[in-house]
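Shown next, in structure tokens, is the structure this report addresses.
Every read-out reported here was derived from the displayed coordinates using simple, explicitly stated rules and does not represent laboratory data. What you see is a predicted model, and the numbers here were worked out from it, not measured in a lab. For neighbour counting, all protein chains shown are included, and Cβ atoms are generated from backbone atoms with ideal geometry for every residue, glycine included.
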């Protein structure tokens, strides 16, 4: 979310197996998937060269085969590279603590904390209206709280399914059928149907709350 892209590499470990006829066969025994921290220093058609800081601030270069890499790209989920940093910048401007302390320190008689607090809340809601983030439920209606919970769950599932699919693509592409498959067990709900049933009065807010928060 913060950088728009993330790079993971697949590192396999192999062992040698002796068949009944005496033939020695190399078999996959284990593998690890690790995030590569740092930045791309150079890339070719087959390899990436990453630069990162090691222990004691020592700078190291790591050369990685492109076939071993799993690349997560926020644009593949329909978001621009600057979307989430932009949301965070908007939220950072919603902090009224520094402004209120400055007004109080200067003995201003015109600062209305309640007014600015309400404006802060509106600015927060505008910044997160497209995603399932929430920062407190004070003064929010029950319907809005439930809607934000649905947004949050849908966003989490969307990211999780994307990550799992990309890792599986990388495993099958690099290790073949021996890799197996990563599976995420999700307690998936029919969010759109639940929301429509709630807005049409077919289920109560209490029932929807129970389904979303307790099941």
Distance between modelled label sites at residue 66 and residue 126, nm, 7 Å Cα→Cβ extension: 4.4 nm
With the label point 7 Å along the Cα-to-beta-carbon line of residue 210 and a cut-off under 17 Å to each amide N, the hits in segment 166-196 are 190, 194-195
Could you calculate the FRET efficiency of residue 76 with residue 142 from 1/(1 + (r/R0)^6), where r is the beta carbon distance between them and R0 is 41 Å, rounded to 0.05? 0.70
Comparing 187, 168, 56 in a Gaussian network model of the chain (Cα, 10 Å), the one with the largest mean-square fluctuation is 56
Can you give the extra length, in nm with one decimal, that the chain gains between residue 203 and residue 187 once fully stretched, where that is 0.36 nm per residue apart less the Cα-Cα distance? 3.8 nm
Given [x] 1, 5, 9, 11, 11, 11, 11, 10, 9, 8, 5, 3, 2, 1, 1, 0, 0, 0, 0; [y] 1, 9, 16, 22, 22, 16, 9, 4, 1, 0; [z] 1, 8, 16, 20, 19, 13, 9, 6, 4, 2, 1, 0, 0 as candidate values of P(r) over Cα pairs in 5 Å bins from 0, in percent, which corresponds to the one derived from the coordinates? [x]
Suppose each label sits 7 Å from its Cα in the direction of the beta carbon; what would the residue 117-residue 57 distance come out to in nanometres? 4.4 nm
Backbone N under 19 Å from the residue 155 label point (7 Å along Cα→Cβ), restricted to segment 64-86: 73-86
